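Step one of this worksheet: look at the structure below.
The values are calculated or read from the model by the stated rules, or taken from the named source; none is laboratory data. Because the structure is predicted, anything quoted here is derived from the model rather than measured. FYI the Cβ positions are ideal-geometry reconstructions off the backbone, even for glycines, and counts take in every protein chain you see.
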Amino acid sequence: MNVYHIVPFIIWVHRYSDLLGFEEVPMIDDLYDDRLAAIDFTLLLGGTALLVASEQLGVESITAAGGILVALGVVAFTANMLLVIHRHRTVNMSPTPSDQTANSYSFSRSRARWRRICSRYISIC
């Protein structure tokens, strides 16, 4: 499903694009759980098939089962995307202003990291 590439792509660009070429970075397909995606697909497909069959055959009793399967598929998809966000989030994305010492230390570390990355890039060229 193409939807499985939108959120992981945004997370990948935010988290890993600066590291490409300098460190091992995961592929976009590695960010989400394939098994949960297969379960999601199966639930959505089965639920949609039951909903279409109930409409075509005029059987109201299978409409609820189809709706439940579709809802479970949406829950599985949402859980998978939340896991992607949780597993690959950046640490300390919004530091508190009261922690000035840690912020200045973090800034100097990130500046030193960028100097290392830039010097590697310049030495490659």
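Is it true that Glu55 is over 20 Å from the mean Cα position of the chain (by Cα) and either at pLDDT below 85 or surrounded by 13 or more Cβ atoms within 10 Å (Cβ to Cβ) (or both)?
The answer is yes for Glu55.
Filter region 17-28 down to the residues that are touching a residue at least 12 places away in the same chain (Cβ under 8 Å) and part of a helix (DSSP H, G or I), then identify the one that is surrounded by the most Cβ atoms within 10 Å (Cβ to Cβ).
Restricting to residues being touching a residue at least 12 places away in the same chain (Cβ under 8 Å) and part of a helix (DSSP H, G or I), the top hit is Ile28.
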